1. Just one of the numbered conditions (1) away from chain B (no Cβ under 14 Å); (2) surrounded by fewer than 21 Cβ atoms within 10 Å (Cβ to Cβ) is not true of residue C:106; which one?
2. Go through (1) assigned to a helix (DSSP H, G or I); (2) in contact (Cβ under 8 Å) with a residue 24 or more places away in the chain; (3) facing chain C (nearest Cβ under 10 Å) and name the single condition residue B:210 misses.
3. Take the range B:136-160 and flag every residue that is closer than 29 Å to residue A:114 by Cβ and either within 14 Å of chain C (Cβ to nearest Cβ) or without any contact (Cβ under 8 Å) to a residue 40 or more places away in the chain (or both).
4. Give me the residue from the range A:63-90 that is in a helix (DSSP H, G or I) and under 13 Å from residue A:49 (Cβ atoms) and, out of that set, nearest to the other protein chains (Cβ to nearest Cβ).
5. Could you run through the range C:246-278 and say how many residues are surrounded by fewer than 22 Cβ atoms within 10 Å (Cβ to Cβ) and either within 14 Å of another protein chain (Cβ to nearest Cβ) or under 15 Å from residue B:112 (Cα atoms) (or both)?
6. Go through the range A:197-211 and report how many residues are in contact with a helix residue (DSSP H, G or I) (Cβ under 9 Å, 6 or more places away or on another chain), touching a residue at least 40 places away in the same chain (Cβ under 8 Å) and away from ligand 2 (no atom under 14 Å from the Cβ).
7. Go through the range B:163-194 and give me each residue that's surrounded by fewer than 19 Cβ atoms within 10 Å (Cβ to Cβ) and either on the phi > 0 side of the Ramachandran plot or touching a helix residue (DSSP H, G or I) at 6+ places or on another chain (Cβ under 7 Å) (or both).
8. How many residues does the range B:48-70 contain that are more than 14 Å from chain C (Cβ to nearest Cβ), in a helix (DSSP H, G or I) and touching a helix residue (DSSP H, G or I) at 6+ places or on another chain (Cβ under 8 Å)?
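The values are calculated or read from the model by the stated rules, or taken from the named source; none is laboratory data. This one's a predicted model, so the numbers in the text were calculated from it and none came from an experiment. Neighbour counts run over all protein chains shown; Cβ positions are idealised from the backbone, glycine included.
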Ligand SMILES: Nc1ncnc2c1ncn2[C@@H]1O[C@H](COP(=O)(O)OP(=O)(O)OP(=O)(O)O)[C@@H](O)[C@H]1O
Ligand SMILES: [Mg+2]
């Protein structure tokens, strides 16, 4: 079967710095794939390239066989790729519910005029958006805070909310950038469950994460980056034993021992 | 609503009604500006230009082309919308200081053009004899009639705006304000919505401009300068820009303020300046934000 | 053969007219350059665009007018006093408007400095009224002949003084501790604060410094272009145009761009229409913002030129 996402020879330079160098990767439909690597390895840069936030310097990105290069971020999102951010990017001055409601944007249609004139179809759609968003909040366990300001949530719940918002776009592919960063181990377990449940519902997941326990637990496949280059790829067990990877994480000094 | 209807019955004095008429005209603009600044988070320091486009288009078409006010009014809206659209596309790509300066520059260019194209606009001395609005053989001439017309429009525009705010598009606008990055990632076409709300607010300003031209029957560039743009922003900020009601409150207060300060006629600019400064420093959410805070404190007790 | 003479003559004429226009463009351009410098100094250390920058220019001119006129002080005494007065105002401006803010958004900074500029303008109207003032030239008003054109001695003063200011600034930023601290702030604020530089003090200083530069610009231009309380806004806007054209954060670029805008404006006024003179600088500003907001001297060179 055709992979849902395919990146071919992706490179990204920032001036003289090569943040990503000639990386190719494939994500198969329905899997959970993780990208790991030390700080500054280029993981977020790859996410930004896929989602059109910061297009790659070279290389091609295909989603379900279609080229994504040159599309705007919102177009890519509408095609069915959603994401979360390493430094939580919630709509701070909106309620928890409203945050998720924005997530329904690419799956709904009412425009400015139907809003201004309060047309029946806009009213009906608005209700549908609200109901759908409430359901998703219930699914992730945030119903009780629906009316609170997003910025007032404890940090762990903010991460969950961001996940719910991204998932509300009904993505076929969901990119999660360090979803467990800053969470305690209990919160991380809850989050891992949630990710698995979302996958069950038919969303493919590409995950960047430093929490190795979580990565090894839930991923089907892992890609390892170091200094912008892909140094390994395989099943969690294979990665755990890979000498290159151990070296990248523990440093050159370790080699002799 | 009730206050609006009751007010002219209590207050027969045409002078006060006149002030209320101006309050209505300003409100039309500031409601739009609050959508743009408070909801979508995009500043404009050039809205006087759209007010001017409305006023001059209506004025010129009715005096020189002898059109009747209604078609001229519609033409003004279309023209203003087109200008706002064309200027909005490159301008709204800018952010922060750059956006502020670009809109400021645009406003000044229009101001210079109004002064310079003497044949068309009468130059610095402006032009007069703009006909009054007539609906059939009912001429809008008394302050009361003007009052009714303006405030009817304000109510309509306000309803439209409230509808917008509580809609999918309104939510999209607020998401842009909060995080453009995340809004884009949620499939919100940020540039489209920014331009749409910019054009909408320009149309509101154009409506206000047309009314202004027909009410005062004489217009000159002096009414459309930088200071006016800044006054509009001040009204929105003082009231509290995160809310249309705040914008309305600010407009009411700042229209009345000079009336209470009659003795200081020329120094109202100083008073605007210090009001703006104090509000920004001590209550950046504006008066409406303060009201809201007090209410929530009371609610908790 | 016969027809050629008048054409030649008119070409000579137009050449000298153009030279003349360029000269007056350079004169006004040097003021834009100084305003743009002021923008840059504050922007570099605070990332604030100070919308009141033009008001400092206006105030400089106005103080000078009062000191020289009613108080009858000699120029060379009045000059430093006027600069000092505006510098104090710039300091007060920072203390009252910028200092009290905690974590301000860009929008509120814009509105705050606008509020400040309204206050300064209103204060000027209160103090000096709405008249337009003039100032005697620094030396004789008798024009000097330069090639085909004439040049006012005041223009020579202006060019000399702006040259001095640029030179002194360059030395200040390169060789004094304070100047180096300001540059460190511009390059990396958190790092500067980590090595013990008092960032708040630097912010205050940058406002004082750019107020002083604004004042000097106002003082030297008033003899030629007159001054009134409303003049600040448009000078500020064109100065901002120069700052953007030169690449925000790039003082040398700002100076070059200031002269460019002055010259284009003057040529346009002379050859096309003087009505649209004020629009020229603004159109340039918009064009730059729309097409290349990083300015003429694109991003790559900025880091080099930024070092003054
Ligand atoms: N906008 C940018 N401009 C310049 N350099 C950048 C930019 N974004 C990232 N970089 C650099 O590119 C490299 C890769 O950064 P990236 O954020 O992709 O790393 P990462 O793998 O996500 O690291 P982390 O685990 O710390 O999040 C880093 O050296 C970073 O400094
Ligand atoms: Mg990262």
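1. (1)
2. (3) is the only condition that residue B:210 fails.
3. B:152, B:156, B:159, B:160 - these are the residues of the range B:136-160 that are closer than 29 Å to residue A:114 by Cβ and either within 14 Å of chain C (Cβ to nearest Cβ) or without any contact (Cβ under 8 Å) to a residue 40 or more places away in the chain (or both).
4. Among those that are in a helix (DSSP H, G or I) and under 13 Å from residue A:49 (Cβ atoms), it is A:73.
5. So the count comes out to 10.
6. Total meeting the criteria: 3.
7. B:180
8. 14
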